[in-house]
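The values are calculated or read from the model by the stated rules, or taken from the named source; none is laboratory data. As the structure is a prediction and not an experimental result, all values here were calculated from the model. FYI the Cβ positions are ideal-geometry reconstructions off the backbone, even for glycines, and counts take in every protein chain you see.
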Amino acid sequence: MATVSELYTHLNTLLPRSLSCEWDNDGLMVCGDPNAEVKKILFTLDITMQAVEYAEEVGADLIISHHPLIFKGIKHMNGEDITSKKVIRLLQRGISAMSFHTRLDAAEGGINDILAETLELQNIQKFEAEEGLDSRFGDLEHEMTFEDFCLYVKEKLGAPSILASKGKDTVSRVAVLGGAGKDAIFSAMATGADAYLTGEANYHGLLDAAEMGFSVLTAGHDFTENAFFTYFKKALNEKFDGLMFAENPVKCALHHF
């Protein structure tokens, strides 16, 4: 078995803070006792109250989320706001929480590598999506029509829908960025890609890209990042014995209709 401190130290070595974007707030979010033993870990994209309750239900000692529980400063820890309410409940139940967010986005084998591999891209290379954050681009095995590529992405990600702007009739090279990718459209275009897959982008960004001959697909913030846990399972199993894992069955607190 391992303690919270040992797990965080190991993951912090694999995913150093130098990989984080300056605006991010990742790391060890909540921990009442760093020497507490961890037997079971719950993976969840977001630490919602549902996720906290599910951690209690399955007997998890630690939650590893992709998105940080605490993103902005908390001035009062009194349970009057939803974030402090969750922090207090975690501390009361002896459950720790950590997140690696943009570190995992940029890391080798992280979110964007997972996304590129899910699409079975070849010749995968890096591009700087924004300052300090590298993402990925690569080539499809076979050229596809724009419409077929949209259906391919839906199938591969299990997304219920795709919002896309069509800049070209065909797609051969694809740039990817999990999560919110509106600010990286021009960086993705500079790779020479025909299309850019991200979680979300703004309406006018999609329109402008199409008029410049560049296709942009948004598959949902959640569906482009839900596989984040595969990195941690592999990394932790290689180092520690006997850990048990659980995944939040609710992949996103939002509903797709």
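In segment 130-172, the residue that is surrounded by the fewest Cβ atoms within 10 Å (Cβ to Cβ) out of those that are over 19 Å from the mean Cα position of the chain (by Cα), assigned to a loop (DSSP other than H, G, I, E, B) and of a type in the set (D, E, K, R) is D169. Suppose the filter is assigned to a strand (DSSP E or B), touching a residue at least 60 places away in the same chain (Cβ under 8 Å) and buried (at least 19 other Cβ atoms within 10 Å of the Cβ); does F127 pass it? The answer is yes for F127. Of everything in segment 235-256, what is free of Cβ contacts under 8 Å to residues at least 12 places away in the same chain and either in contact with a Pro (Cβ under 8 Å, 6 or more places away or on another chain) or not in a loop (DSSP other than H, G, I, E, B) (or both)? Give them in sequence order. The answer is N237, E238. Taken over segment 195-229, the criterion of being without any contact (Cβ under 8 Å) to a residue 24 or more places away in the chain, in contact with a strand residue (DSSP E or B) (Cβ under 6 Å, 6 or more places away or on another chain) and either assigned to a loop (DSSP other than H, G, I, E, B) or under 19 Å from D169 (Cβ atoms) (or both) is satisfied by Y196, A201.
Summed over segment 38-82, residues that are modelled with pLDDT under 95 and among the hydroxyl-bearing types (S, T, Y) total 0.
Filtering G213, G181 for residues that are modelled with pLDDT of 95 or more and assigned by TED's automatic domain parsing to the domain that holds A129 leaves a single hit, G213.
Annotation note: of I82, I63, I41, the sole residue that is touching a residue at least 40 places away in the same chain (Cβ under 8 Å) and aliphatic (A, V, I, L, M) is I41.
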